[in-house]
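These notes are about the structure you will find just below.
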Amino acid sequence: MGIIVYFAIILLLPLYAQIKVKSTYKKFAKVPAARGYTGAQVARMILDQHGLSDVRVVPTQGVLSDHYNPATKTVALSEDNYYNNSIAGTAVAAHEVGHAIQHKEAYSFLTLRAKLVPVANISSNLSWLFIIIGLVASTSGFLLAGIVLLGAGVLFQIVTLPVEFDASKRAMNEVVSMGIIGNNEERNAKKVLNAAALTYVAAAAVAVLELVRLILIYTGMRD
């Protein structure tokens, strides 16, 4: 029974998070921002406010494909957010600019996450190969190697949480202090950011649960 509950959690939690962020975004993408600024304008205004004139704001294809690229100093906004004026687009644009401000200020968790990227990429590709071999062959050494590699990926996801939370906090501070949104729009903007944050929380929670399960299996093998 316990294993059924466990797999239900790791399958349903990410699914719920995805449904929540998509439904919340879809809802507020249809709500015009009172000031009428497009996502591109919001991003540019906040960037200029922080002296980040060298950071470009560009449109990108896809839905919820918005991101900040520190290597190219580019805030990429999905076309709906880039061209349209909505509460969702305002919140998302400000959030991505939050990452650009973190980059400028060398925010510690962002710096750490950047250092973990190559490690996480390698570990994600190799960890389950070692884990499967260890489980199938009942070889604790292979399983331990897989757990260590998986742990690096889990660490990356945990470090991502403060990066995302901080970017959202910065986003809300900027749009409020600069008068980009009205007081009556703050609550809805926070709903968009909180829904997006839930996806990272769900991913981290599932990763930690899976790591703990494998560690318990490993200790059982050793016993």
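Would you confirm whether or not region 149-171 contains a residue that is hydroxyl-bearing (Ser, Thr, Tyr) and within 23 Å of Leu47 (Cα to Cα)? Taking every residue of region 149-171 in turn, at least one turns out to be hydroxyl-bearing (Ser, Thr, Tyr) and within 23 Å of Leu47 (Cα to Cα). Checked against the criterion of being under 30 Å from Lys190 (Cβ atoms), aliphatic (A, V, I, L, M), open to solvent by less than 70 Å² (accessible area, probe 1.4 Å) and at pLDDT 95 or above, region 119-130 has no qualifying residue. Of all residues in region 53-74, those that are free of Cβ contacts under 8 Å to residues at least 24 places away in the same chain have Cβ atoms under 8 Å from Cβ atoms of residues that are assigned to a loop (DSSP other than H, G, I, E, B) and open to solvent by 70 Å² or more (accessible area, probe 1.4 Å), 6 or more apart or on another chain, in Asp54/Lys73; Arg56/Thr72; Arg56/Lys73.
Residues of region 33-43 that are of a type outside the set (S, T, N, Q) and either under 13 Å from Asn81 (Cβ atoms) or in contact with a Cys (Cβ under 8 Å, 6 or more places away or on another chain) (or both): Ala33, Tyr37, Gly39, Ala40, Val42, Ala43. Of the numbered conditions (1) open to solvent by 40 Å² or more (accessible area, probe 1.4 Å); (2) closer than 21 Å to Val31 by Cβ; (3) among the polar types (S, T, N, Q), Ser168 satisfies every one except a single condition; which is it? All conditions are met except number (1). Scanning region 186-223 for residues that are of a type in the set (Gly, Ala, Ser), open to solvent by less than 30 Å² (accessible area, probe 1.4 Å) and in contact (Cβ under 8 Å) with a residue 60 or more places away in the chain gives Ala189, Ala195, Ala202.
Only residues that are within 19 Å of the chain's Cα centre (by Cα), among the aliphatic types (A, V, I, L, M) and part of a helix (DSSP H, G or I) were counted across region 88-143, and they come to 15. Within region 69-87, is there a residue that is in a loop (DSSP other than H, G, I, E, B) and touching a strand residue (DSSP E or B) at 6+ places or on another chain (Cβ under 9 Å)? Checking region 69-87: at least one residue is in a loop (DSSP other than H, G, I, E, B) and touching a strand residue (DSSP E or B) at 6+ places or on another chain (Cβ under 9 Å). Criterion first (closer than 30 Å to Leu216 by Cβ and of a type in the set (Ser, Thr, Tyr)) does Ser140 satisfy it? Here the answer is yes, as Ser140 does meet what is asked.
Condition check: surrounded by fewer than 17 Cβ atoms within 10 Å (Cβ to Cβ), of a type in the set (S, T, N, Q) and either under 30 Å from Lys30 (Cβ atoms) or at pLDDT below 95 (or both). Does Asn183 satisfy that? Taking the combined requirement at face value, the residue satisfies it. Filter region 137-176 down to the residues that are at pLDDT below 95 and hydroxyl-bearing (Ser, Thr, Tyr), then identify the one that is nearest to Tyr107 (Cα to Cα). Of everything passing the filter in region 137-176, Ser140 is nearest to Tyr107 (Cα to Cα). From the list Leu143, Leu77, Leu110, the one residue that fits, being closer than 21 Å to Gly51 by Cβ and open to solvent by less than 20 Å² (accessible area, probe 1.4 Å), is Leu77. Just one residue in the set Gly151, Gly179 is in a helix (DSSP H, G or I) and over 17 Å from the mean Cα position of the chain (by Cα); that residue is Gly151.
Could you go through region 34-47 and let me know if any residue there is within 20 Å of Leu198 (Cβ to Cβ) and open to solvent by 20 Å² or more (accessible area, probe 1.4 Å). There is no residue in region 34-47 that is within 20 Å of Leu198 (Cβ to Cβ) and open to solvent by 20 Å² or more (accessible area, probe 1.4 Å).
The values are calculated or read from the model by the stated rules, or taken from the named source; none is laboratory data. Remember, it's a predicted structure, so these values are computed and weren't measured experimentally. Note that each Cβ is placed from the backbone with ideal geometry, even for glycine, and that neighbours are counted across all protein chains shown. What goes into the accessible areas is simple: the full protein's heavy atoms, side chains included, and nothing from ligands, DNA or RNA. Shrake-Rupley method; radii C 1.70, N 1.55, O 1.52, S 1.80 Å.
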